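Structure record follows, encoded as structure tokens.
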Amino acid sequence: MARKTIKKEGNSLNLESILFNCRDYLRGSASLNDKRDVILTLVFLRFIGEKFDDAQAEMRKLCINNGVTDEDKIASFLASPARYKNIVYVPEAARWSMLINVPVSDLVAALDDALQAIEDSGDTLKGCVKLSLFTSVKIEPNELKKVMDEINKISHKTFGEEKDLIGRVYEYFLKSFAVNATKEDGEFYTPHDIVELIAAFIEPFDGTLYDPCCGSGGMFIQCAKYVKAKQGDITAVNVFGQEKDPATFRLAKMNLAMRGISHHLGDGPISTFDKDWHAGLVFDYIMANPPFNLKHWFTKDVTRPGANWADYGTPSESNANYAWILHMFAKLKAGKGIAGFLLANGALGDEDTVAIRQKLIENDKVEAIIVLPRELFYTTDISVTLWILNQNKCGGMHHGRQLRDRRGEILFMDLRSWTDNPVKGEQKKKVELKADQVKRAADIYFRWQSVGTDGANFAEPELYRSVGFDELKGNNYSLVPSRYIEFVDRDTDIDYDKVLAETASAVSELLTLQRENDAMLRNALKQLGYECR
């Protein structure tokens, strides 16, 4: 089979073509999981190595500009990890500029030495990589070298700035090869447009951010982007997370270390329900995409005294949706915390969760419910819901906006019709939310929040509506938007007599044409000597 050639996208290389070539070089020599781990690790080494080399070059220039020309003094200055601000310090054995030039015969050992050096270099990089990876997968050194040469084409200047690079590589494996791509197993990736939508609603650019099932850290990367846009200082991002899958935990560590984002992911991979690494802490913001309808989550420890849902009752043992809701609610700072998270639509009206849902509504913790289009994810085609919980619906200044008192109201939005942006070149149907759609949805939400808006009359048919608690109570505290948003019955505008007459006329014309065609066919057959009956 001919190898796929590298294509250009504008002025940049096509990342997926590079990854295809890498996978092709590893054909037959490793499992899909091993291929993923090898390629992700090499991308990580390439990314941190290039950024470190750039930082060193800038620091060398700074030394010379300040009159320091002695090479030994410059070398001593550059060798101090404390000199590097907002950039991860890469030990010499793990620097890409050195690894890319290692002889093929020594490559496997050099790469595993690099991973050990990273593990030993301090807390920032500890836990990012799988030790002895390259020895364990038993890839032929010549093939490994070809993969490295492909990955050497990836530059953070092209692929890294403003993009979740590790996430994009991970996404490639999920969407193209379905590497254990089941939500319950933790192998799941939230597309950027959905993360951008959540971030646009809750605006997490000041304070602390938490994700109890952080995956590869994409939520945190998007938060850093928001901080940079608003304040220009990603060191202001202080993120806390937890992830149970070991491989995905390493991805998150890689992603955050590459970005220089201060992070706290606990001492290792473990489910939030098995052990809360951040017990007792509360946060300004929560962004999350928990496993949908997770089963087998319940243990006796989650019902211990003082558990997160002590005031709301214990969620269903057969489905963790409301366990996630109550866990995240308990993690919000009193009087100010805001959460935006995704759940399967079934959580909006489950009969066995009415009591919990009623308390959340009556305690004024639910601010908005937004149903999203189908086909947004690579690994499921279902429509899901974005929930917004808010510990303060009382009004006041927030992020430069004067908010009104929204107590007793919930905003419902239905975006299921926003499917006019199909993603081309995918192996399955996929749509995305464009920037203007994300902005439009956030603008509706902000307008509803703002002073001067009449919540009782805030509505647009088939798109959004603000609903009071009395109506919610009348619907047994269901949060299904279609129960509240007006949908136009376009059938009432149809002139049925006219439609029937036009249909009958069309059918008559078709029958006449068919009779004429039959007659022509019979005449033709007679001329050929066939008898027609």
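The values are calculated or read from the model by the stated rules, or taken from the named source; none is laboratory data. Since we're looking at a predicted model, the values are computed, not measured. When we count neighbours, we look across all protein chains shown, and the Cβ atoms used for this are built from the backbone with ideal geometry, even at glycine.
List of remarks:
- Within the stretch 367-399, being at pLDDT 90 or above, within 16 Å of the chain's Cα centre (by Cα), hydrophobic (A, V, I, L, M, F, W, C) and assigned to a loop (DSSP other than H, G, I, E, B) holds for one residue alone: L372.
- Any hit, the stretch 473-483, residues being touching a residue at least 40 places away in the same chain (Cβ under 8 Å), touching a strand residue (DSSP E or B) at 6+ places or on another chain (Cβ under 8 Å), over 19 Å from N289 (Cα atoms) and surrounded by 15 or more Cβ atoms within 10 Å (Cβ to Cβ): yes
- Some residue of the stretch 78-88 being small (G, A, S) and touching a Lys or Arg at 6+ places or on another chain (Cβ under 9 Å): no
- If you filter the stretch 362-414 down to residues that are surrounded by fewer than 18 Cβ atoms within 10 Å (Cβ to Cβ) and of a type in the set (A, V, I, L, M, F, W, C), you find that the one that is nearest to R168 (Cα to Cα) is I382.
- Taking residues in the stretch 255-274 that are under 22 Å from L40 (Cβ atoms), and partners anywhere that are buried (at least 21 other Cβ atoms within 10 Å of the Cβ) and among the acidic types (D, E), the pairs with Cβ atoms closer than 6 Å and at least 6 places apart or on different chains are P269/E243.
- Selection count, the stretch 271-309, where residues are modelled with pLDDT of 85 or more and more than 23 Å from the chain's Cα centre (by Cα): 5
- Taken over the stretch 253-266, residues that are modelled with pLDDT of 90 or more and surrounded by fewer than 19 Cβ atoms within 10 Å (Cβ to Cβ) amount to 2.
- Residue check for A320: buried (at least 22 other Cβ atoms within 10 Å of the Cβ), modelled with pLDDT of 95 or more, aliphatic (A, V, I, L, M) and at negative phi: no
- Of everything listed in (1) modelled with pLDDT of 70 or more; (2) under 14 Å from the mean Cα position of the chain (by Cα); (3) within 24 Å of D381 (Cβ to Cβ), the single unmet condition for F201 is (2).
- Residues of the stretch 40-59 classified as within 15 Å of A79 (Cα to Cα) and in contact (Cβ under 8 Å) with a residue 12 or more places away in the chain, total: 6
Quick grid of which residues meet (1) part of a loop (DSSP other than H, G, I, E, B); (2) at pLDDT 90 or above:
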{"position": "A181", "(1), (2)": "yes, no"}
{"position": "Y189", "(1), (2)": "yes, no"}
{"position": "G215", "(1), (2)": "yes, no"}
{"position": "A224", "(1), (2)": "no, no"}
{"position": "P269", "(1), (2)": "yes, yes"}
